[in-house]
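S.K.: Next up is a structure, given as structure tokens.
The values are calculated or read from the model by the stated rules, or taken from the named source; none is laboratory data. What you are looking at is a predicted structure, and each value in this text was computed from that prediction instead of being measured. When we count neighbours, we look across all protein chains shown, and the Cβ atoms used for this are built from the backbone with ideal geometry, even at glycine. What goes into the accessible areas is simple: the full protein's heavy atoms, side chains included, and nothing from ligands, DNA or RNA. Shrake-Rupley method; radii C 1.70, N 1.55, O 1.52, S 1.80 Å.
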Amino acid sequence: MSKSRTEGIIGLAASAFDILKRHSIPPYPQFFELIFDYEAGRNPELKSAMEAVFKADSGLAANDVRSLLDGHIQPKELARSSLPERMRDKMDAMQDAVDAAMTSASSFSGTLDNARENLERGISVPEMKALTIRLLDETRHTQAANRALEEKIASSREDLVQLQRDLALVRREAMLDPLTRIANRKYFEETLGNFINEARGSVAPLALLMIDIDHFKRFNDQFGHQTGDQVLRLVATTLKSTIRETDFAARYGGEELVVVLPETDLDGAMFLAEKIRRNVHDKKLLRKSTNEIIGRVTASIGVGIYRAGETADQFVDRVDGYLYEAKRHGRNCVVGRSRMAAIRR
């Protein structure tokens, strides 16, 4: 590596550490990897997402980094997992068994050809006995190689089934937000597109809720990031326990969460959003170390129904506008189109 390239990498690393330090973010390896990728400019989507976070009033926080990791870096974990190596090992073992069976079969075929030639020219009784013993010996070797191959095939079938399960698990983990254990933004964007395609071919409405935890930065600043994480988990758990099995909840980024409601009109979506708002408000936030009640969590919610011809981004942007309208109305309320649920504090 050239001296100039080395100096460039050192400069990027220094800049990445400076960003982590400036925003009081622990320099964990995965956090450093994210910021280094951003500084290097190798991922345009990550760069755009990072700059949007930097422009926000709350600045960059550990939760933002986790969300960005989940959306832009974590999918690489699939490539880093042991699955590819295990699959190579299984394939190598299968190839060895096939090679052994083919070698034995080739040897047996050669022995048979030799025996045919000897029998055609005529051989003595002692030679016949020796040939018979040789044929029996070759037969045993071929049978053993075939049995080994059959066992390896049977074993490999079981291994491949397990590998498929493991692969599905790894993919599922790559689509979950590690903190809240609901879907991450990448999975949400993929899934919303599917819901929209279904809605375009149906007369059933499709609703979207965008949820923002009120004054989330205050929890982090006053009680620390662990309490902030606790707040996110509390709201995510509340979402999962309130929505239907056919609904889809995800962490959109930072303190924002989303819920997709298939076959739901505006009245139904407003009703569910208000139920979520109440359920969140009714939860008491406890300090884990002392069980001390340190406050209540509230949420602002924007509600929208998909409009024919909209792209997914347009749909999200419009509902995001309703969310910010709810925040402008004093937070802890639900806004959909021009309708607003009663504000309760």
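S.K.: Could you list all residues from region 311-331 that are in a helix (DSSP H, G or I) and free of Cβ contacts under 8 Å to residues at least 24 places away in the same chain?
M.R.: Asp313, Gln314, Asp317, Arg318, Gly321, Tyr324, Glu325, Arg328
S.K.: Out of Leu234, Leu208, I need the residue that is of a type outside the set (Gly, Ala, Ser), in a strand (DSSP E or B) and surrounded by 14 or more Cβ atoms within 10 Å (Cβ to Cβ). Which one?
M.R.: On inspection, the qualifying residue turns out to be Leu208.
S.K.: Could you please find all residues in region 311-326 being farther than 17 Å from Leu192 by Cβ and open to solvent by less than 40 Å² (accessible area, probe 1.4 Å)?
M.R.: If the condition is that a residue be farther than 17 Å from Leu192 by Cβ and open to solvent by less than 40 Å² (accessible area, probe 1.4 Å), then Ala326 is the only one that fits.
S.K.: Turning to a different aspect of this structure: Determine if region 279-301 includes at least one residue that is touching a helix residue (DSSP H, G or I) at 6+ places or on another chain (Cβ under 7 Å), surrounded by 14 or more Cβ atoms within 10 Å (Cβ to Cβ) and within 19 Å of Leu192 (Cα to Cα).
M.R.: yes
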